[in-house]
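Visitor: Quick one: structure below, then a few questions.
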Amino acid sequence: MAPQIITTIAKLREAVRAIRAAGRSLGLVPTMGALHDGHLSLVKRSNERCDVTLVTIFVNPTQFGPNEDLEKYPRTLDADLEALSELQVDIVFAPSNDELYPANFSTFVETAQVAEPLEGECRPGHFRGVITIVMKLFQIATADVAFFGRKDYQQAAVIQAMVRDLNVPIEVEVCPIIREEGGLALSSRNRYLTNDEREQSLAISRSLRMAEQLVCNGERDPTVVQRAIRQEFDTAGIDRIEYIAIANGETLEPAEQIDEGTVALIAAFVGSTRLIDNCLIGQSIAD
């Protein structure tokens, strides 16, 4: 069954009112399109939890910096709709830029403190654009639950902080990372990688598994774990590293000692492609 495709805010609100009038629950999966199995895992989770699933497809210009890949970001609407049809998604909201950012648009949501380190330092203004568009979608769709992937760990934390701080009446569920067979975290940007770069990029997930094993074996010093990750990158020839962080899983401030809430986060370039990944390395302590 093909989803209903809606391109205007007015029509989407009308559809949501009908869903509410019927007493049905609504799940929201915000995406920028170029859908892969990671996105589709969020759709499946929404289908499990909610009566109706709404997927948004919008390449949000305000979260891209001046030297980033807005223009070449993959846009594959026909293939996306085919994949969503197979999962029997009810509604796809695919608005134009002008629909969401009309003339004289000038209001943005201020980011939470958790947005400041890591991605906040590497991509100034990125999270301002992210949470502004997410807040707009939350206001337009008024869903019961919104689904995000843990691959974008800091993004999920920023959105959760926004929901908490601004009393937004929506539940945010963060779903597991989906990986390719070799371990590379699924991303729409993976299609930019050459075959050699894809092989090289496996060092990212490999280093995170190694970090997790170090902690499982008793290592608690963040510096030791960071050094081991960097050595793995050196061996693979990945030398353009933006950060290797061992951080508190809630605040994303540097961890002084690894405990059950510690997360390892990585951002690095393989060729010209920027990749991010993370692992909750402290989970084995709790177990």
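Visitor: What number, rounded to the nearest 500 deg cm²/dmol, is the helix-based mean residue ellipticity at 222 nm of the chain, given -39500 (n - 2.57) per DSSP H run of at least four residues and division by all its residues?
Guide: Result for the chain, helices only: -12000 deg cm²/dmol.
Visitor: Please identify which residues in region 269-285 have an amide N closer than 11 Å to a label point set 7 Å out from the Cα of K72, following the Cα→Cβ vector.
Guide: 272-274
Visitor: Give me log10 I(q)/I(0) at q = 0.16, 0.17, 0.18, 0.19 Å⁻¹ for region 4-175, Debye formula, one equal scatterer per alpha-carbon, no solvent.
Guide: Rounded to two decimals, the profile gives -0.98, -1.12, -1.27, -1.43.
Visitor: Ok, one more. Determine which residues of region 223-238 fall in the zone a paramagnetic label at R209 would reach in this model, i.e. backbone nitrogen under 20 Å from the point 7 Å along Cα→Cβ.
Guide: 225-238, by backbone N distance to the label point.
Visitor: Rank these for me by crowding, K136, K44, going from fewest to most other beta carbons within 10 Å.
Guide: Exposure proxy ranking, most exposed first: K44, K136.
Visitor: Per the Kirkwood formula on distinct C-alpha pairs, the Rh of the chain is how many angstrom?
Guide: 19.9 Å
Visitor: Run down the lysines and flag those whose C-alpha is under 26 Å from the C-alpha of K151, throwing out any fewer than 8 positions away in its chain.
Guide: Filter leaves K44, K72, K136.
Visitor: I would also like to ask the following. Could you give the length gained by full extension between E86 and R17, i.e. 0.36 nm per residue of separation minus their alpha carbon distance, to one decimal place?
Guide: In short, 22.3 nm is gained.
Read the figures in this text as sums done on the coordinates, not as results from a lab. No experiment lies behind these values; they were computed from the predicted model shown. No Cβ is skipped: glycine too gets one built from the backbone with ideal geometry, and neighbour counts run over all protein chains shown.
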